[in-house]
Structure formats: C-alpha cells, structure tokens
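Below is one structure, written out as structure tokens, with a few remarks after it.
The values are calculated or read from the model by the stated rules, or taken from the named source; none is laboratory data. Everything numeric here is computed off the predicted structure, so don't read it as measured data. Cβ placement follows ideal geometry from the backbone for every residue including glycine, while neighbour counts extend to all protein chains displayed. Keep in mind that these areas ignore ligands, DNA and RNA; they rest on the heavy atoms of the full protein, side chains included. Shrake-Rupley method; radii C 1.70, N 1.55, O 1.52, S 1.80 Å.
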Amino acid sequence: MSSSCAVIVSEETAVMDLGPFETDNSVSCRLASQIPDVCKTEDCCLGIDEAGRGPVLGPMVYGICFCPVSKKQQLKDSKVADSKTLSEAEREKLFQNLDEAKSYVGWAVQILSPNTISTSMLQRTKYNLNALSHDTAIGLVQFALDSGVQLKEVYVDTVGPADKYEAKLSQLFPGIEVTVRPKADSLFPVVSAASICAKVARDRVVKGWNFAEDMGEVDTDYGSGYPNDPKTKAWLLKCLDPVFGYPQFVRFSWSTAQTLMDSKAVTVHWDDDEEDGEKAAQRQHNKSMLSYFSASAGGE
C-alpha cells in the first residue's frame, strides 16, 4: 500500500477534521475520534463498512464504529441506517448524533486516495481491490485494539465470499466473535453507524477536493463519480490531458479511465536501457516522452 499520513485524532470540539488528508490527498490517511473511556473497560462491539468502492472519481473510505455491547440498544435507538438509504443531510445529522454520543461511541476512518488505489492495483505483484479492502479493514480492527478498545464482537459487510472472509478475520483475531454478512449495513446498527462515518467522510472529501494539478478553473459538475454516469464520463473526457493523463482525483486503473486514455491520449514510447529512446520511438511511429519536454523548452 502507498504511504500514508499519521493517525489524526479529532479533538473534543471537532467532529471530523479532514485537514491532514487535504494537505496531501495523494496518500491514505486515518482519522479517528477520541476513544471513550468506557470502551477501554467494557466488552465492545465494532462494525466495519466502506463508501466509494465503485466510483472512478475520489477516494474509497473505510469506516469503523464501536461501542460497549451494553449500549447496542441505545445505538439502535439513534436510528442509524445504511448510509446508501439516507440523504446527505440525513447522514450528516446522524453523524452529528454519533459525535454527541462520544461518551460511549467511537469511530475511525481510513481514506484511501485514488492514487493509493490505482498504484496498488497496478503494481507488479497482483493486489486487487478485494485484497486492499481486506487489509484496510484488518488495519482498522487492529487500530481499535491497539487503542485499548475491549473488542469482543466484530460485524463486517462482506467483500468477496462471506464465509472465507469470516474465517480469515477469526484466525487473525482469536477471541473475538466475527460475523461477516452481505448487506451487514442493513442488519447490524453498529455497521450502519460505520457506513455513515465512511460516507460522510467521502462526501466531504469529494466536495472539497483540492486539485494539486494546474488545471485552471475546474468544473466540479462531475456527477455521481460512477463510470456509467454520463456527467462523469463527460468530465473525464474534458479533464484528460493527452500526455499526462488525469488529475489524482481520478482512479486511473479503472477501465473507464484506461479506455479513454487509450483512445484519446497521445501514444508515448517510454525510453529504456535496451534501445535508444528517439530511435525506438521513430521505429514505432511514436513520439519519445523526452520530445515533449524539449519542444516545450525550445518554445520558451
């Protein structure tokens, strides 16, 4: 996995400070609430869910939420629900409710930048999105344990076959009762709460994305971010640089982005040690990557 920023714990007065990720949105970042004292002394349950697995734009965010087993009913009474069934305003309100229950509810999110996702998936050693998802979830459970949370129950919205994922987590965390189910975010309130944390974080990151690239006035009307959205496709086409590709807001490993680059971008020969770059490029009727820089320099 790509490098990441340090764990940032939200202070009492801050609901979710995205500043550390916004400073460098090319890497992953973990944000967390304060750990309630009661979670360090009582048996706790923890839910895991993600937001933004499918979009070609923006990060994928994994979230955990935890509370004492004795507080399960209180969490259920707070009316948490699968974040996908809620409006943005409803999610924000429920996240505020979770933050106000900080005496017994804690949370953490891992923001996986588009750059992290794409470079992980395109590395030489096979590492797909399911593996990245599993490792992120495992890292968040370990974070809770390392923070002193007395975990006894973990509930997870499955990625891949539920039985295999449950066996994997049970082996890694002996002594913890692990339950992995499809649609867990609609079955277990603590997973619903994790889903809300993850979706709120993603919504805020996408809305306030800081484009590091010099793109002038950026059109932020990019639709839902999903590959089949016409607005998203139009935005991808508009923001494609023929030489340098996409800004880091785009998951360039997604087939939608790759197809557009293959059809619209300039074919470039990357120089290597085996053959002179300019000659190889001419032989293949391509341009050498260096030619773009020399042409630019000559025009100054």
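At-a-glance table
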read-out: Among 151-159, 105-113, the order from most to least packed when residues are scored by Cβ within 10 Å on average; value: 105-113, 151-159
read-out: Å² of accessible area per residue within the range 10-129, as computed with a 1.4 Å probe and no ligands counted; value: 42 Å²
read-out: 13 Å beta-carbon shell around Glu88, net charge (K/R +1, D/E -1); value: +4
read-out: Percent antiparallel among DSSP beta bridges (both partners in the range 38-177, rounded to 5); value: 70 percent
read-out: Three-way shape label, the range 81-166, alpha-carbon gyration tensor, a/c 1.5; value: prolate
read-out: Per residue accessible area in Å² of the range 169-274, where ligands, DNA and RNA are left out and the probe is 1.4 Å; value: 55 Å²
read-out: Furthest towards positive pole of dipole, Leu122, Phe95, Ser192, structure part the range 86-193, Cβ charges; value: Leu122
read-out: Surface share of carbon and sulfur [accessible, 1.4 angstrom probe, percent] for the range 40-93; value: 50 percent
read-out: Net charge, Gly208 excluded, C-beta distance under 13 Å - Lys, Arg +1, Asp, Glu -1; value: 0
read-out: The range 114-249, accessible surface, carbon-and-sulfur percent (1.4 angstrom probe); value: 51 percent
read-out: The range 99-156, dipole about Cα centre (Lys/Arg Cβ +1, Asp/Glu Cβ -1), debye to the nearest 20; value: 300 debye
read-out: Listed peptides 58-67, 139-148, 206-215 by packing density, highest first (mean Cβ within 10 Å); value: 58-67, 139-148, 206-215
